[in-house]
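See structure below.
Just so it is clear, none of the values below were taken in a lab; they were calculated from the coordinates. Small disclaimer: the values here were computed from a predicted structure and weren't measured. Heads up, the Cβs are rebuilt from the backbone with ideal geometry, glycines too, and the neighbour counts pull from every protein chain shown.
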């Protein structure tokens, strides 16, 4: 599995409003704090209430003085959807990793027939112009397997831990999830995270 020897890990998370991008960034930060790590979180831009494009940044490490991640500086780009991943691919550094959910969520313009959704092979080819370290899982399908399609962000949370790029243990991640949601959602959310973690870990 990959490891990161840098003092600070830069993570960019890209998705659509309503997918839980902001929640994932918050929980990732809480898990980092549980480990006693310095962390900074930021929302670059987004229209979460309107189902628009959302980008969050999480920087973990002693050198993380602010939340901004410059272009070409992200160790890991986490994409909740292929096109949303491609939108922010410029953030990933040379040799950086992309963790992408392959499940498509069509933008409103595509649903209305005003735009065409690009072919998956074209999306991958464009991503590979920046990095060939692409980890692809169907987070929506895994979330459904776990019991709730809304647990997609927990699948991606587990996937992030599974990359071994962040200094956060599985135990800290799972405990953070347990404390963040009502008890009735615990099994679904932790199961989603565990499956995501194992799928990513086995693919590296």
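Panel values: region 113-204, Kirkwood radius from alpha carbon pairs, Stokes-Einstein at 37 °C and 0.692 mPa s, translational diffusion coefficient 230 µm²/s. On the beta carbon distance between residue 204 and residue 62, with R0 = 41 Å, the FRET formula returns roughly 0.95. Taking every Cα-Cα distance in the chain and sorting them into 5 Å bins from zero, the calculated P(r) comes out as 1, 8, 17, 22, 22, 17, 8, 4, 1, 0 percent. Fully extending the segment from residue 128 to residue 112 would add 2.8 nm, taking 0.36 nm per residue of separation and subtracting the current Cα-Cα distance.
By DSSP, the beta bridges lying fully in the chain are antiparallel in about 55 percent of cases.
Its relative contact order, with pairs defined as Cα atoms under 8 Å and 6+ residues apart, puts region 40-178 at 17 percent. Computed extension length for residue 186-residue 43: 48.8 nm, one decimal, from 0.36 nm per residue of separation with the Cα-Cα distance subtracted.
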